[in-house]
Structures are given as C-alpha cells and as structure tokens.
1. In region 234-259, which residue that is touching a helix residue (DSSP H, G or I) at 6+ places or on another chain (Cβ under 6 Å) and assigned to a helix (DSSP H, G or I) is farthest from residue 203 (Cα to Cα)?
2. So residue 207 passes all but one of these: (1) crowded, with 21+ Cβ neighbours inside 10 Å; (2) farther than 16 Å from residue 61 by Cα. Which condition number does it fail?
3. Inspect all residues belonging to region 201-215 and state whether any of them is over 21 Å from residue 87 (Cβ atoms), in contact (Cβ under 8 Å) with a residue 40 or more places away in the chain, in a helix (DSSP H, G or I) and not β-branched (Val, Ile, Thr).
4. Please find, among 279, 288, the residue that is of a type outside the set (Phe, Trp, Tyr), assigned to a helix (DSSP H, G or I) and surrounded by fewer than 12 Cβ atoms within 10 Å (Cβ to Cβ).
5. Within region 183-200, count every residue that is outside any helix (DSSP H, G or I) and among the polar types (S, T, N, Q).
6. What pairs come out if I take residues in region 58-78 that are touching a residue at least 12 places away in the same chain (Cβ under 8 Å) and over 18 Å from residue 135 (Cβ atoms) and pair them with residues that are open to solvent by less than 30 Å² (accessible area, probe 1.4 Å) and not in a helix (DSSP H, G or I) whose C-beta lies under 9 Å away, six or more apart or interchain?
Amino acid sequence: MAAVEARLPGVPADGILIGDKKYSGVTLTLDNCLLSPERLERTPSSDHGLAPDTEEQLRREGCERIQAAGILLRLPQVAMATGQILFQRFFYCKSFIKHCVESVAMACVHLASKIEEEPRRIRDVLNVFHRLRQIQEGRPQSPLSLDAGYIALKSQVIKAERRVLKELGFCVHVKHPHKIIVMYLQVLECEKNSKLVQMAWNYMNDSLRTDVFLRFSAESVSCACIYLSARTLQIPLPSEPPWFLLFGATEEELRDICHRILRLYTLPRVPLSSLQQCVSKCRQALEVSRVTGGVQPNGTPNLVDPPASFSPASKTGVLPTPPTHTHTH
C-alpha cells in the first residue's frame, strides 16, 4: 500500500518544532502497523511485572474468545481476523494489568464487525461472551439479566472500544492474508491440492493467535503458512531459486514465523479465570509498590498531602449555570 501524506495547513515544508521533534504532516501507510523490535521485546504488561508466558497465554485466550464469539455471531472470517489483530495491537500499547482482557476482546469484536461492514448489536456481543464464560466455567445456561450489571458492562465495553480506537490512532485497517494465500497457491500451481490449501488456511487462522501480523507483512505470513504446510505434507516446491523469493520473503522470516506458529501448540492450556488471578496479583503488587514507593509506575510523584485549598472539581469563582435542554418527542 502506497503511503498517503497529508500536509498540515500553514506549516512550512520543513515542519514545526514541538519539543525536540519536528512535525510537518501525517503519513498513512500499512507499514505503521508493524512494530519495532524494541516495542515487541518490552511490552507494557512486562513493565508492570506480568510474566512473558502469562502474557502470551492471555493473548491466545483473548483471541480464541474473539474467534469463538465471531462464530456464534456468524461473522465472516475476515471480521474475526480483524478483531484478533486489533486485540494484539492494543495490548502492545496498553497493559493487561490496567485493562480487562474480556472487555477489550468484546470491544474488538464489536469494532471489527463495523469495520468489515457486518455490524452486530452490542447486546448480542455481550450475550455471546456471557455464554462462552458459562461454557468454560461449566455453569448451567442462563440468559444475561438486563439489570444494572448489564448496563455497567455495556458502558465498560463502549469505553473500551473508544480506548482501542484512541490508542491505535484510528488506524484500524488490516491487510488480510486470505486472498494472498489463494493467489500464491495459484501461482505455484498448487490450488487443486485440497490438503495443502486447507492446511495452509488452518495455519493462517491459527497464526492470528500470535503476534506475527505485528512483526511481519501479510505476504510473509502467507508464504510461511504455505512453507509449513508443504513441509508437513512433504510436498516439493520450487527450490532453485526458492519459490518464496518471488513474493519478497526470506527463509529467515519464514522460519521465524513457523516457529511462532508451532509454539502456539506447545503452550499449556490455562483457564482464563486462572490467568486473571495472575493479573490480579500483579495489579495488587503494582498498587502496593506505587503506594509504598511514593512514585507511580510512570514516574509521577504521588500527592501524599494535598493542600487544603486543593479542589479537582473547579477553580475559584462562580460556577456557570448548566444549560437547560428541551427534549422533543
């Protein structure tokens, strides 16, 4: 995708200095969706003390909830893929310690359904996740009560959806590898091999549970799924020169992607409730550290003894009278 650059009106060509950086415009490109190695190695959750394995399992469980919810909501696979990639992107911006994994997963499903023009009511999304939670916990089926708890949960999901949009800078476009895999198999003249096509498709869907789409382009992930499937089924593909060079991929990339996909099958299955208990422990430890250390995790000093005149509600002076709204039915 070619980059689209928008110049800010009234700004010189060389930009304006804000702080220690110069800004001259906004560049929109899908390359912005690939994260730098520094951001990938150190996540906000790890900064808050969450173990890497626990974070990886939380990502997998969250994505599996999105996939299962999408099936029950009869969403197309591209919508479920969009929701999972948005979920992965968000938690490289924010921490699992600070944000509820289920609320963000519900928000990503609701947002993805609108992005892919298959909108679903937020009430349906809440009901589906409620049903999935009952199945996992082995509880008898019961409908979600329309009480104050439902209203609070709905509000929480709406706020989470807004937070996802804000943190991603409203850049929610996703380049899906579904069509790319089919096209590559046609170029390799393997599109009639149903086993190869199905296995590559399955690996691609499973790869959504990992962060490979934040590390590599959709083209490289497509090549890796074909590469892994051909090796599993022992199907020879052109090697002189290697076929994947035609599509701009390298063997090092393919091996890295394959390793991350295969690792998914070796991770122990841990219930989401147990993972949430680990998150709660980290949250409590973080709170204790914040209170006893006198410094918040972001380095801001705590206001231990606020002055007597301190008021977060308003400044001195007379408060303006709120306007009166007339509703017409």
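The values are calculated or read from the model by the stated rules, or taken from the named source; none is laboratory data. Bear in mind that the values here come from a model prediction, so they are computed numbers and not experimental data. Reconstructed Cβ throughout: ideal geometry from the backbone, glycine too, with neighbour counts over all protein chains shown. Ligands, DNA and RNA are excluded from the accessible area calculation, which covers all protein heavy atoms including side chains. Shrake-Rupley method; radii C 1.70, N 1.55, O 1.52, S 1.80 Å.
1. If we take residues in region 234-259 being touching a helix residue (DSSP H, G or I) at 6+ places or on another chain (Cβ under 6 Å) and assigned to a helix (DSSP H, G or I), then 247 is farthest from residue 203 (Cα to Cα).
2. For residue 207, the failing item is (2).
3. no
4. It is 288.
5. Qualifying residue count, region 183-200: 1.
6. These pairs meet every condition: 58/50; 58/91; 58/96; 59/91; 59/96; 59/210; 59/211; 78/174.
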